[in-house]
Amino acid sequence: MSRQKDFEEINRKIEKGEALVLTAEEMSDFVDDYGEDKALEEVDVVTTATFGAMCSSGAFLNFGHTDPPIRMSRVYLNDVLAYSGIAAVDVYIGATEESESKGSQYGGAHVIEDLLKGEAIHLRATSKGTDCYPRKEVDTYITLDDLNQAYLFNPRNCYQNYWVAVNSSSKIIYTYMGPLYGNFGNASYSSAGQLSPLLNDPYYKTIGIGSRIFLGGAQGYIAWEGTQHNPVRDRIENGIPVGGSGTLAVIGDLKEMSTEYLRAASITNYGVSMYVGIGIPIPILNKEMVRYTAVRDKDIYVTIVDYSGGVRDNPVLGRVNYQELRSGKIVLDNGLEVPTAPLSSLNKARKIAEELKGWIKRGEFLLEKPVQKLSTTRGFKPLNIKKEADTYV
Amino acid sequence: MYSKRVQLVYHPNTVDKPIIYDLIKHFDIIINIIQAKILPDEEGKLVMDMEAVEMEYIEKGIEYLLVEGVEVQTLEESVAYNQENCIFCGACTGLCKSGALKMDRNNWELIVEHEKCLLCGMCVTACAFNSLTLGVNGN
């Protein structure tokens, strides 16, 4: 049986400053140059990263109490509604919530970005008033420093692969995959490919609940499987799912994050979203992890789908790999040559992978063994519209 | 030679005069039409470069257009790019038909070749970070 390493052994090397850490792109070259055995012997950690639109993001904030206190029941931050159906001065500001006054030009993601910039945010809150919380209104300004807690808690980030979007209709459409010209005028894709975290650990052997990660420029954690986690998507021989598959719920201290790696986005005729930077270290425990982390864009296939119908299950038009997508054009099965463009930033993903590598090399970041594995069997159910509630005996 | 890039906005009732012919024939202006969308009974838009040996010719030509009821907006030569705002995603490059916007396939930063820009504005629509803007009247 070939060599097996564990988290403790790798962490000891990190603490001594002796760990060999490579980015996922460097790992592919290392394995090509020196072979799998040498890679297992020498490489301790491979860093992966992504920087893309992740709508399912937001932050929990605690404002502290006024005197007399208020049990906030309707809260606006710079005119953006924050969910306050929790305790008195706690809210959740969701990234995609749009401003009541500026619409899709400003939303929850912009509030989070402005907090990170240190800007003052206009807080308005109302309440019915109670004996213990008599105040009925608050109108004030807060900054990130004023808040007791501010932590990002994103229910679905870091999609394992995604789709390639095209438009077969004759008219331009505006989607969360950007504007798509009619008649297959362009194709957009959104994954860091060979650098993407869950494409380097396709069966979640080392990435799981409790894993310490790079989140928005700070150290954060994987809190749970992400919503719509769908590990049973079709996979090719190397384990790569050919469409949106596994997802992660992540958590981290907003106060330590940076606008370099957390950016608000306004997508035309769609709405507000947030670009989130995530980096995940993968320990090279065995030969299997060497093979997974050596994956290259040409080995990662993704499904091309037609977004023109506005339906749940978009029609499938074929498959391409990321090497083809990265070249700037693909050829569809019908012979059409289509220009391609990414929506996630490879430039930023590489910076994140490098930064995480630096943290680990300097002993500032230790690997955390997952306390629980992510599901490899969970399915993804649709919402069916029923005329009346089913009754169960 | 002096030149100016302008966008002409026609209202439905001002489209029937041969104004381009007049600009060439009577004002000695070289016209290079970059984009045009003029339909009967609709507001029309025309982007063009005006070139002449004297700036005065161009100014007089514009004066003539205004008298004829055509709105004239001065345009920047190309889309304006704010690199500081840019995250280098590349979303704009898929929409750019002129070839002005491309990704550098080594460092994956955005390359802007201003001279190729046709001011169609699709990149402005594609950019989620306001990194690309079209300047009208210098704004």
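Just so you know, all these numbers are worked out from the coordinates, no wet-lab data involved. Predicted model only: the values in this text are computed from it and were never measured. Glycine gets a Cβ as well: all are built from the backbone with ideal geometry, and neighbour counts include every protein chain shown.
Only loop residues by DSSP count here, and only those with at most 16 other Cβ atoms within 10 Å; note down the trypsin sites (Lys or Arg not before Pro) in region A:95-145 that meet that. All intermediate terms of the calculation are to be shown ahead of the outcome.
Details: sites: A:102, A:117, A:124, A:128, A:135, A:136; in loops: A:102, A:117, A:128, A:136.
For trypsin sites (Lys or Arg not before Pro) across region A:95-145 that sit outside H, G, I, E and B with at most 16 neighbouring Cβ atoms in 10 Å, the list reads A:102, A:117, A:128, A:136.
Is it possible to state the helix-based mean residue ellipticity at 222 nm for chain A, with each DSSP H run of 4+ residues giving -39500 (n - 2.57), the sum divided by total residues, to the nearest 500 deg cm²/dmol? What is it? Write down the numbers at each step before the final one.
Values: 7 runs with 64 residues, N = 393.
About -4500 deg cm²/dmol.
Using a basic spin-label model with each label point 7 Å from the Cα along Cα→Cβ, how many nm lie between residue A:32 and residue B:30?
The answer from the label model is 4.9 nm.
Have a look at the DSSP beta bridges in the protein assembly as shown and tell me what percent are antiparallel, nearest 5.
Numbers: 97 of 108 bridges.
Once the DSSP bridges in the protein assembly as shown are tallied, antiparallel ones form about 90 percent.
Between residue A:203 and residue A:171, how many nm apart are label points set 7 Å from Cα along the C-beta direction?
Modelled inter-label distance: 4.8 nm.
Suppose R0 equals 56 Å. What FRET efficiency, 1/(1 + (r/R0)^6) with r the Cβ-Cβ distance, do residue B:74 and residue A:354 give to the nearest 0.05? Walk me through the intermediate numbers first.
Numbers: r = 44 Å, r/R0 = 0.78.
Working from the Cβ atoms, E equals 0.80.
List the GluC sites (Glu not before Pro) in region A:1-71 that DSSP assigns to loop (not H, G, I, E or B) and whose Cβ has at most 13 other Cβ atoms within 10 Å. Which are they? List each step's numbers first, then the result.
Working: sites: A:8, A:9, A:15, A:18, A:25, A:26, A:36, A:41, A:42; in loops: A:18.
Listed in order of number, the matching sites are A:18.
Report the charge-dipole magnitude of region A:1-128 in Debye, nearest 20, computed about the Cα centre from +1 at each Lys and Arg Cβ and -1 at each Asp and Glu Cβ.
Numbers: 12 positive and 24 negative charges, 235 e Å.
Dipole magnitude for region A:1-128 comes out near 1120 debye.
Any idea what the dipole of the protein assembly as shown comes to, in debye rounded to 20, about its Cα centre with Lys/Arg Cβ at +1 and Asp/Glu Cβ at -1? Could you put the intermediate results ahead of the total?
Details: 53 positive and 71 negative charges, 344 e Å.
Computed charge dipole of the protein assembly as shown: roughly 1660 debye.
Give me the number: length gained by fully extending residue A:105 to residue A:65, i.e. 0.36 nm times residue separation minus the C-alpha to C-alpha distance, one decimal in nm.
So the chain would gain 11.3 nm between residue A:105 and residue A:65.
Remind me, relative contact order of region B:1-47 in percent, using alpha carbon pairs under 8 angstrom and six or more residues apart? Could the numbers behind the result be given before it?
Values: 46 pairs, mean separation 23.2, N = 47.
Computed over region B:1-47, the figure is 49 percent.
Can you tell me how much longer the chain between residue A:313 and residue A:139 gets when fully stretched, taken as 0.36 nm per residue apart minus their C-alpha distance, in nm with one decimal?
On the way: separation 174, 0.36 × 174 = 62.64 nm, distance 4.53 nm.
Answer, rounded to one decimal: 58.1 nm.
Given charges of +1 on the Cβ of Lys and Arg and -1 on the Cβ of Asp and Glu, with all other atoms neutral, how large is the dipole of region A:255-393 about its Cα centre, in debye to the nearest 20? It would help to have the intermediate numbers written out before the result.
On the way: 22 positive and 16 negative charges, 83 e Å.
That gives a dipole near 400 debye.
Report the residue, chosen from B:113, B:84, B:63, that carries the largest GNM mean-square fluctuation when chain B is represented by alpha-carbon nodes joined by springs under 10 Å.
In the Gaussian network model the winner is B:84.
Under 4.7 Å Cβ to Cβ, no partner at all: give me those cysteines from chain B, in residue order.
B:86, B:89, B:96, B:117, B:120, B:127
Once a ≥ b ≥ c are taken as the square roots of the eigenvalues of the Cα gyration tensor of region A:133-231, is the result rounded (a/c under 1.5), prolate (a/b larger than b/c) or oblate (a/b not larger than b/c)?
Working: a/c = 2.88, a/b = 1.37, b/c = 2.11.
It comes out oblate by the Cα gyration axes.
Let a ≥ b ≥ c be the square roots of the eigenvalues of the Cα gyration tensor of chain A; is it rounded (a/c under 1.5), or, if not, prolate (a/b larger than b/c) or oblate? Intermediate results must be reported in sequence, preceding the final value.
Values: a/c = 1.90, a/b = 1.27, b/c = 1.49.
Oblate, since a/c reaches 1.5 and b/c is not below a/b.
Filter the cross-link list A:298/A:369; A:5/A:38; B:4/B:97; A:205/A:369; A:329/B:97 down to pairs whose alpha-carbon distance in this structure exceeds 19 Å.
Numbers: A:298/A:369 30 Å; A:5/A:38 14 Å; B:4/B:97 23 Å; A:205/A:369 10 Å; A:329/B:97 13 Å.
Those over the limit are A:298/A:369; B:4/B:97.
Once you place label points 7 Å from the Cα toward the Cβ at residue A:364 and residue A:387, how far apart are they in nm?
The two pseudo-label positions are separated by 6.3 nm.
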